[in-house]
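The next block holds one structure in the form of structure tokens; read it before the comments.
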Amino acid sequence: QREPYCGIEAPSDEGWVQDEDSLDTWFSAALWTFSTLGWPEDTKDLQTYHPTNTLVTAYEIIFFWVARMVLMTEYELKTIPFKTVYFTGVVRDTQGRKFSKSLGNGIDPLDVADKYGSDAGRMALILGTAPGTDMKLSEDKIKGQKLFANKIWNITRFILSNIEDMDVNTSYTNRDQELLEQWKTELAKITKDIEEYSLHTASEAIYHYIWDTLASSILEESKPLLISEDVEEKQSRQKLLYTLLTESIAVLHPFMPFVTETIWQMLPYKDKELLMISKWPGV
């Protein structure tokens, strides 16, 4: 049996067979942005989706993957593969070690989904984690986001059970207009953070608004108003609560898509059947 041959020129004698698996992992990965779209044919997908907008990846493979994709795309297509690269950190255990099969210290996302829900796992990964920063992930953090999901359900049930006679055309009282403006200010900040890829601050802002402002403050203030004999005051607060619920759910949707989409289906007034394709609040 001959020794394998590797070189630029093919062997001169007979009997050689070229290895069919000629691309290593990182070389083939370098072709990813365009090879998945039908290249080398000039397909409609290639024309439509290349270059892509944003690549999300961990910082540890900047050279292994990101740089190689840039070089290979420029070489073959004479263009860039993507416009923006968002670098995440590495998920580690509570001792700061990388997840490893040999150590058995990893957290399986499928187990997380079964025990706590996919939304809890997603929110735990992004909350408090700046771009490019490693994070220590524990089940306690995931459990905390499960409680947040439960809180959202409780907020929704309370609001929907108290707006059955709501008049969507009613005017806001001065107090409710003030609360609405406060939310609009918060919404503008969150939107700006998302547009600038500051996803950790955006997730923290919507988390604290829903839990601390909407649930702990506004809902408590609303309880006597919802049973008030002052019709104008009651209807104004009903409309405010519904507006804050629908818009905060929409803002939370990129971070916790499953519970928010389910709640969206329960809402009596909405612009689209699916939250995923509805307009961003304030736009």
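The values are calculated or read from the model by the stated rules, or taken from the named source; none is laboratory data. Since the structure is predicted, the reported quantities are computational estimates derived from the model, not experimental observations. Backbone-built Cβ (ideal geometry, glycine too); neighbour counts: all protein chains shown. Note: areas computed on protein heavy atoms with side chains; ligands, DNA, RNA excluded. Shrake-Rupley method; radii C 1.70, N 1.55, O 1.52, S 1.80 Å.
Structural remarks
- The number of residues in the stretch 87-118 that are within 21 Å of residue 146 (Cα to Cα) and of a type outside the set (A, V, I, L, M) comes to 12.
For (1) open to solvent by 70 Å² or more (accessible area, probe 1.4 Å); (2) more than 20 Å from the chain's Cα centre (by Cα); (3) modelled with pLDDT of 90 or more; (4) over 30 Å from residue 40 (Cα atoms), each residue gets a yes or a no:
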{"site": "74", "(1), (2), (3), (4)": "yes, yes, yes, no"}
{"site": "84", "(1), (2), (3), (4)": "no, no, yes, no"}
{"site": "87", "(1), (2), (3), (4)": "no, no, yes, no"}
{"site": "95", "(1), (2), (3), (4)": "yes, yes, yes, yes"}
{"site": "142", "(1), (2), (3), (4)": "no, no, yes, yes"}
{"site": "146", "(1), (2), (3), (4)": "yes, no, yes, yes"}
{"site": "149", "(1), (2), (3), (4)": "no, no, yes, yes"}
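- Any hit, the stretch 117-124, residues being of a type outside the set (Ser, Thr, Tyr) and surrounded by fewer than 17 Cβ atoms within 10 Å (Cβ to Cβ): no
- Scanning the stretch 64-108 for residues that are out of contact with any strand residue (DSSP E or B) (no Cβ under 7 Å at 6 or more places or on another chain) and of a type in the set (Phe, Trp, Tyr), we see that the one that is farthest from residue 54 (Cα to Cα) is 75.
- Elements of the type helices (runs of 4 or more DSSP H) sitting completely within the stretch 173-263 and holding at least 3 residues that are within 30 Å of the chain's Cα centre (by Cα) and aliphatic (A, V, I, L, M): these cover 174-195, 199-208, 231-252.
- Taken residue by residue, the stretch 203-224 has at least one member that is out of contact with any Pro (no Cβ under 9 Å at 6 or more places or on another chain), farther than 19 Å from residue 152 by Cα and open to solvent by 30 Å² or more (accessible area, probe 1.4 Å).
- Count of residues meeting criterion [among the aromatic types (Phe, Trp, Tyr) and more than 22 Å from residue 141 (Cβ to Cβ)] in the stretch 58-95: 5
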